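Report on the structure given below.
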Amino acid sequence: MTQQTTRLRGGTLTATGLALALALTACGDGETGGEADAATQGTVTVETDYGPVEIPAAPESVVALEFGNEVLLEAGIEPAGVIEPNTSLYTEDQLGVLESAPAVQAMSLELNLEALAATEPDLIIGGVREVGHGDYEDHFEDLSQIAPTVLFDFDGAGAELRDMTLELAEVVGDGERAEDERETFEARTAEIGETYADQLADHTFAVVFGVDNEFAVVNTNAWGALILDELGARPTAATEPAGEEFAAWYSYENLDELGDADVVFYETDVTREPDPFTADLLDQELWGTLPAVEDEQVHPLRHSFSRTYAQANDVLDQVEDVLRGL
């Protein structure tokens, strides 16, 4: 069977295609399964970046679009549909949960509305980078014809993203746990910053990853380097060319730009293994000459791109383990 898809980047969905998708799951009275379920339970109104949305008070069938997988996994909710999981982001058990559900959105962000409608959801959730707002706005009506759709925008690569997934957690009934994780993160950030103030001030830190014969030094406004900055860590001067961008980029022959870094974290997958590009970076001859390498102060960093406060707390655990040894 031909699958009806739509790309969020410049794509359009035909009315015929959407009608086909909805017809596959329409009930005898014209309601989809999700709509029929919603009619039998109370509803609440959620204010979203795409307008107010009336959703079931206790959703039973939830589809996760971009940034939604983590929310459902942490809430212990079995998803009705998911965005195609990036295997580097999840444990084997988590992948088992995600792969048991149909993928209704590709990692490229392409939506398969036929597959989405077939899941008969009563709620669709997702997070949207502000730059992509217009793309999702163009397709919001299509999604809403399948089920109530809650999308929240965010900007940046730090607290804004984590706060957005916290909002999604509240929508699916997991707000209390998610808020506890946020409060824990804030308290532990202050505690670790105070406990290891000398180590943070007396050493210079870098967070890096590799990309096709280049390496990136993550700026203090993004990912794991932002968490280090929140702790009060002193960043490597190699971040300075980044300006307002999320990273500064260098070729391998410029690895000596990391010469001032006493401690280097390299980004990894969830098993703390580097991807092939970062593994190639770690295998460079010049890499072995860096002071941090010679002093055995190079460390893997899982969940550097923390999507939730639970993941950010995992970053704090890893950083604290390193600080104890300085």
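The values are calculated or read from the model by the stated rules, or taken from the named source; none is laboratory data. A quick note: this is a predicted structure, and the numbers were derived from the prediction, not measured. Reconstructed Cβ throughout: ideal geometry from the backbone, glycine too, with neighbour counts over all protein chains shown. The area values use the complete protein model at the heavy-atom level, side chains included, leaving out ligands, DNA and RNA. Shrake-Rupley method; radii C 1.70, N 1.55, O 1.52, S 1.80 Å.
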Q. Here are some conditions: (1) assigned to a helix (DSSP H, G or I); (2) open to solvent by 10 Å² or more (accessible area, probe 1.4 Å). Y250 meets all but one. Which one does it not meet?
A. (1)
Q) Is there a residue being under 12 Å from Y50 (Cβ atoms) and either touching a residue at least 24 places away in the same chain (Cβ under 8 Å) or open to solvent by 10 Å² or more (accessible area, probe 1.4 Å) (or both) anywhere in the range 116-123? A) no
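Okay, residues lined up against (1) over 19 Å from the mean Cα position of the chain (by Cα); (2) crowded, with 20+ Cβ neighbours inside 10 Å; (3) not hydroxyl-bearing (S, T, Y):
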| residue | (1), (2), (3) |
| --- | --- |
| G259 | yes, no, yes |
| E267 | no, yes, yes |
| V270 | no, no, yes |
| E285 | yes, no, yes |
| N313 | no, no, yes |
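Quick grid of which residues meet (1) within 30 Å of Q284 (Cβ to Cβ); (2) surrounded by 23 or more Cβ atoms within 10 Å (Cβ to Cβ):
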position: D163; (1), (2): no, no
position: E170; (1), (2): no, no
position: E176; (1), (2): no, no
position: R188; (1), (2): no, no
position: D198; (1), (2): no, no
position: H203; (1), (2): yes, no
position: A206; (1), (2): yes, yes
position: V211; (1), (2): yes, no
position: V218; (1), (2): yes, yes
Q. Considering only the range 261-297, how many residues are outside any helix (DSSP H, G or I), β-branched (V, I, T) and out of contact with any Phe, Trp or Tyr (no Cβ under 7 Å at 6 or more places or on another chain)?
A. 3
(Q) Can you pull out every residue in the range 142-193 that is among the hydrophobic types (A, V, I, L, M, F, W, C), part of a helix (DSSP H, G or I) and within 19 Å of the chain's Cα centre (by Cα)? (A) A159, L161, M164, L166, L168, A169, V171, A178, F185
Q: Quickly run through the range 161-185 and pick out the residues that are under 17 Å from H303 (Cβ atoms) and of a type in the set (D, E).
A: D163, E181
Q. Can you tell me which residue in the range 152-200 is modelled with the lowest pLDDT, limited to those that are farther than 17 Å from V315 by Cα and small (G, A, S)?
A. G156
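Could you tell me whether E230 is crowded, with 20+ Cβ neighbours inside 10 Å, touching a helix residue (DSSP H, G or I) at 6+ places or on another chain (Cβ under 8 Å) and of a type in the set (D, E)?
So E230 fails the test.
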Q. Identify, please: which residue in the range 85-109 is of a type in the set (V, I, T) and modelled with pLDDT of 95 or more and is, among those, farthest from E74 (Cα to Cα)?
A. V104
**Q.** Flag for G224 being surrounded by fewer than 20 Cβ atoms within 10 Å (Cβ to Cβ) and of a type in the set (G, A, S)
**A.** no
Q. If you take the residues in the range 79-98 that are touching a helix residue (DSSP H, G or I) at 6+ places or on another chain (Cβ under 9 Å) and in a helix (DSSP H, G or I), which one is surrounded by the fewest Cβ atoms within 10 Å (Cβ to Cβ)?
A. T87
Q: Kindly check whether there is at least one residue in the range 59-73 that is more than 22 Å from F305 (Cβ to Cβ) and among the polar types (S, T, N, Q).
A: yes
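Can you give me the number of residues within the range 293-310 that are open to solvent by 20 Å² or more (accessible area, probe 1.4 Å) and touching a residue at least 12 places away in the same chain (Cβ under 8 Å)?
11
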**Q.** Residues of the range 47-78 satisfying the condition of being farther than 19 Å from E141 by Cβ, without any contact (Cβ under 8 Å) to a residue 40 or more places away in the chain and open to solvent by less than 50 Å² (accessible area, probe 1.4 Å)
**A.** N69, L73
